[in-house]
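Participant: Just dropping this structure here.
None of the figures in this text is laboratory data; all of them are computed from the coordinates on show. Being a predicted model, the structure only gives us computed values, none of them experimental. Cβ sites come from the backbone with ideal geometry, for glycine too, and all protein chains shown count toward neighbours.
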Amino acid sequence: MSTGNGRIFEYSDGGELFEGYVVEPDVSLGGQRPCVLVLHDWSGVNSGMHEVAERVAGLGYVAFAADVYGKGRRGGETDDNSSLMNPLVGDRALLRRRLLASLRAACQHPRVDGDRIGAVGYCFGGLCALDLARAVPAGLRGVVSVHGVLAPPQLGPQADIKASILLLHGWEDPFAPPAHIEAFAREFTDAKADWQVHAYGHAMHAFSFERAAKPEQGIAYDAAAARRSWQAMQDFFGEIFAGS
């Protein structure tokens, strides 16, 4: 029951402006609701992320499509957006700061229950989701990384991770080969996190993105993996937000 009431939500950090996109669930649900941060791929907060936010709001949550690039910094959904992404991949402390600023901005929304926060991220956004969990902010119940990048941030000793973690992974993803999955498991086990991995056979990178069509580069849409991952995400959020 997506409402179509999405609106731009401007916020700031360190004097820089950011432009998120927030969608509220149906008013009949009333009161404060859990919030899911939607963390964008390497192209930024674009129409695809707006669509994801609309779908998430249809599940009964406040959806907040966060912006880690800055107001007006957007790329094309099928373009090479390395110039936008790489500075933050190279400065994970800055990325963490922007993620935490986005979480604080989301919690300012009057319909958001700040003790029930989740996140879902796609590709680069999957890395962002994991980095948000690694930051151990108050109120974060769980994060979902969808065909995400897994490299740890190397920001010093890792505190115990309180949020639950769901990794939705295409087994043929060249950007997250099996060795990276093993490293992920070791890292999050050492951090005492509640984690799980769903791996989809034959699926490549960006399997949930309908316009992904570069199989020679290991990038391709997979309808079955997309459908299964969306259901897995719904079940995960239903579990972490239940009874609270």
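Participant: Determine the sum of side-chain charges near E10: Lys and Arg each +1, Asp and Glu each -1, restricted to other residues whose C-beta is under 12 angstrom from that of E10. Don't skip to the answer; put the middle values down first.
Facilitator: Values: positive: R7, K71; negative: D13, E16, E19, D67.
Charge balance near E10 sits at -2.
Participant: Can you give me the relative contact order of the range 135-244 as a percent, contacts being Cα pairs under 8 Å and 6 or more apart?
Facilitator: The value is 25 percent.
Participant: Mean separation of Cα pairs under 8 Å and 6+ residues apart, divided by the residue count of the range 57-171: what relative contact order is that in percent?
Facilitator: Details: 150 pairs, mean separation 23.5, N = 115.
Rounded, it is 20 percent for the range 57-171.
Participant: Can you check what the net charge comes to around T189, using other residues whose Cβ is under 13 Å from the Cβ of T189 (Lys, Arg +1; Asp, Glu -1)?
Facilitator: Working: positive: R186, K192; negative: D160, E182, E187, D190, D194.
Spelling it out: positives minus negatives among the neighbours equals -3.
Participant: Just add up the charged neighbours of E172: K/R +1, D/E -1, any other residue whose Cβ is under 14 Å from the Cβ of E172. Please list the in-between numbers first.
Facilitator: Details: positive: K214; negative: D173, E216, D222.
Summing Lys/Arg as +1 and Asp/Glu as -1 gives -2.
Participant: Per DSSP helix of 4 or more residues, -39500 (n - 2.57); summed, then divided by the residues of the chain. What does that give at 222 nm, rounded to the nearest 500? Don't jump to the answer; show the numbers that get you there.
Facilitator: Working: 6 runs with 79 residues, N = 244.
Value at 222 nm, helices only: -10500 deg cm²/dmol.
Participant: To the nearest 20 debye, what charge dipole does the chain have about its Cα centre, counting +1 at the Cβ of each Lys and Arg and -1 at the Cβ of each Asp and Glu?
Facilitator: That gives a dipole near 460 debye.
Participant: Still on this structure: Could you tell me the relative contact order of the chain? Use alpha-carbon pairs under 8 Å, at least six residues apart, and round to a whole percent.
Facilitator: With pairs under 8 Å counted, the relative contact order is 15 percent.
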